[in-house]
Amino acid sequence: MVKNILEKGKKYMIIKFDEQKQIDSVNGALALRKEIEKIVDKIYDEGFDGIYWIGIGGTYASSLQAEVYMRGKTKLPVFVENAAQFITTGNLRFTEKSVMIISSVTGSTKEMIQAVAKAREIGARVFGFIDKAKTELAKMCNYCISYPVNEQLKFFMTANRFMYRNHEFPEYDLYNQEMEAHLAQALVDVEKAADDFGKEFAKKHCEDSIHYFVGAGVQWGSTYSYAMCYWEEQHWLRTKSITAEEFFHGMLEIVDKNTAVTVFLGEDEQRPLAERVAAFLPKICGNYTLIDAKDYAQYLQGISTKFRGSISHLITHAVTQRIDAHMEIINRHPVDIRRYYRQLDY
């Protein structure tokens, strides 16, 4: 998205949005479906006593999304765990019959290696999406698929197959037909349409002393991740993320006319929780923004309304990618720089 260039001995950045690369990336992830189905079918046929989505940092955020997505749609025992807590506290429900599902970009995250080692010691099966196939973590998994990025998409494809096998997703084939035909182009079209908004948002909020992000349902994991992994880790901007349902139990008291607040609204069953916050904010705040997946419905032609809740977080992510691209330029702060993360021992 952003390319570094040298001009007169100084380092500047220009926006570079490679549409075809992004389309190919999403379509490549969707093409993993047959491989995912084969693994999930084997796990389902062998039986299990629980599906555990386990992660740390951004992968924990994706795990939160997968768990809440399944929670209201399946009778399967589905749980979510933070890897560090799983290592220290454990979970007596997690047994040799359990299934752990994980994701990792580097395959070297300490907490994930330890959590998988603990799961394997217990005797559980581990299904991993590890971007780098030759890493230690990839070798520790019973089943491993290596394909870069698209983490939430891979998780949701896995969740969908489990629900289909449990006779809870009769429209599974139609869903996949629509996604495989239209999703990749839709995400590119949304990102292009959101560019002007992203630029203005970045200009307005590039020096915020603190910014509050609110989300619910499948949007919550991405809201949590956006605040932590993007604004804090990459942009070095202070944030707080909060679930929409908890907004009215503390946070509302510190919001005033100048407080920067952004609410993410999806199209899943928890949308009313975010709508409640969105309806309340004009009464007390003059510095709020709504990023609503529904506002980009015109770019989702070919994807049924009833399926859009499952991709709302991908739509809003396409929007925030434009914010990030402009923020990086405005603040002259390359997002791949880290002061402490993986720079020090901790």
Exercise. Could you compute the FRET efficiency for residue 23 and residue 279, with r as their C-beta to C-beta distance and R0 at 25 Å, rounded to 0.05?
Key: 0.10
Self-check item: Cα shape, the stretch 59-131, gyration tensor, a/c 1.5 rule
Solution: oblate
Practice problem: Grab the beta carbon distance between residue 89 and residue 301, set R0 = 45 Å, and tell me the FRET efficiency rounded to 0.05. | Solution: 0.45
Quiz item: If you check each cysteine of the chain for another cysteine whose beta-carbon is under 4.7 Å away, which ones come up empty?
Solution: 206, 229, 285
Quiz item: Which listed residue (310, 325, 285) has the Cα farthest towards the positive end of the charge dipole for the stretch 246-346, taking +1 on Lys and Arg C-beta and -1 on Asp and Glu C-beta about the Cα centre?
Solution: 325
Self-check item: Loop sites in the stretch 171-218: GluC sites (Glu not before Pro), DSSP, at most 12 other Cβ within 10 Å
Solution: 207
Exercise. Mind ranking 131-137, 89-95, 156-162, 215-221 by how tightly packed they are, going by the mean number of other C-beta atoms within 10 angstrom, highest first?
Key: 215-221, 156-162, 131-137, 89-95
Practice problem: Please work out the ratio of the alpha-carbon Rg of the stretch 215-346 to 2.2 N^0.38 Å and round it to two decimals. | Solution: 1.14
Exercise. With unit charges on the beta carbon (Lys/Arg positive, Asp/Glu negative), name the residue among 174, 216, 237 whose Cα is farthest towards the positive pole of the charge dipole of the stretch 174-295.
Key: 237
Quiz item: Just how large is the dipole of the stretch 89-231 about the Cα centre, in debye to the nearest 20, putting +1 at every Lys and Arg Cβ and -1 at every Asp and Glu Cβ?
Solution: 800 debye
Exercise. Let me have the 222 nm mean residue ellipticity of the chain computed from DSSP H runs of 4+ only, each contributing -39500 (n - 2.57), with the sum over all residues rounded to the nearest 500.
Key: -13500 deg cm²/dmol
Quiz item: In the stretch 308-346, which residues have a backbone nitrogen under 17 Å from the label point lying 7 Å from residue 236's Cα in the Cα-to-Cβ direction?
Solution: 327-344
Practice problem: Mind ranking 231, 236 by accessible surface for me, highest first, 1.4 Å probe? | Solution: 236, 231
Quiz prompt | Length-normalised contact order for the chain - Cα pairs under 8 Å, 6+ apart - percent | solution = 17 percent
Quiz item: Reachable aspartates and glutamates from residue 294, Cα under 19 Å, same-chain residues fewer than 8 places away excluded?
Solution: 178, 189, 191, 195, 196, 267, 268, 269, 275
Exercise. Among the lysines, select those whose C-alpha is under 26 Å from the C-alpha of residue 118, and discard any that sit fewer than 8 residues away in the same chain.
Key: 38, 42, 97, 110, 132, 134, 139, 154
Exercise. Quick one: work out Rg over Rh on the C-alpha atoms of the stretch 37-191, Rh as Kirkwood radius.
Key: 0.96
Self-check item: the chain, dipole about Cα centre (Lys/Arg Cβ +1, Asp/Glu Cβ -1), debye to the nearest 20
Solution: 720 debye
Quiz item: Within the chain, which complete DSSP H helices have Cα atoms spanning at least 24 Å along the helix axis and a mean Kyte-Doolittle hydropathy of 1.0 or higher?
Solution: none
Quiz item: How long are the semi-axes of the ellipsoid equivalent to the chain, from square roots of 5 times the Cα gyration tensor eigenvalues, in whole Å, largest first?
Solution: 32, 23, 22
Quiz item: What area, in nm² and to one decimal, does the C-alpha convex hull of the stretch 104-201 cast on average over all directions?
Solution: 9.0 nm²
Exercise. Quick one: dipole size for the stretch 40-91, taken about the Cα centre, charges +1 on Lys/Arg Cβ and -1 on Asp/Glu Cβ, in debye to the nearest 20.
Key: 220 debye
Practice problem: Using a Gaussian network model of the chain whose springs link C-alpha atoms within less than 10 Å, name the residue from 45, 295, 324 with the highest mean-square fluctuation. | Solution: 45
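The values are calculated or read from the model by the stated rules, or taken from the named source; none is laboratory data. All figures in this text were calculated on a predicted structure; none of them were measured in a lab. Counting neighbours? That spans all protein chains shown, and the Cβs are built from the backbone with ideal geometry, glycine included. Each accessible area value is taken on the protein alone, full model and side chains, heavy atoms only, with ligands, DNA and RNA left out. Shrake-Rupley method; radii C 1.70, N 1.55, O 1.52, S 1.80 Å.
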